[in-house]
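Notes to accompany the following structure.
Read the figures in this text as sums done on the coordinates, not as results from a lab. This one's a predicted model, so the numbers in the text were calculated from it and none came from an experiment. A quick note on method: Cβ atoms are made from the backbone with ideal geometry, for glycine too, and the neighbour counts reach across all protein chains shown.
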Amino acid sequence: MKTFEKRLERLEEIAEKLRDGTTPIDQASTLFEEGLTLARSLEGELQKLERRIQVLVNKPESSDDPQPPVLELFPELEARAARDREEPGES
């Protein structure tokens, strides 16, 4: 299967050939069919990608894991700093 970009490029080529008005009618019909198939395929792929993005963007935080993932370089220092913030004046 060709990449999305290659198929889009082919669709643009077809559109240009159909626009120029010099393509014979039988060839134009074949090109139109190919273009329509490509357009539907590309549209379907874009819709799937859009749905995946929506799922990722709208994904709720898991209630099973109330702790955010540890992304710090030095988690033990972050934990100590958090304790210090919670217990001011107590050491």
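The gain in end-to-end length when the Glu12 to Asp84 segment is fully stretched comes to 19.8 nm, 0.36 nm per residue minus the alpha carbon separation. For Ile25 and Ala39, the difference between the fully extended length at 0.36 nm per residue and the C-alpha to C-alpha distance is 3.0 nm. For the stretch 1-61, the spread of Cα positions along the three principal axes, ordered from largest to smallest, is 58, 20, 16 Å. Each Lys and Arg adds +1 at its Cβ and each Asp and Glu adds -1 at its Cβ; summed about the Cα centre, the stretch 1-61 shows a dipole of about 340 debye.
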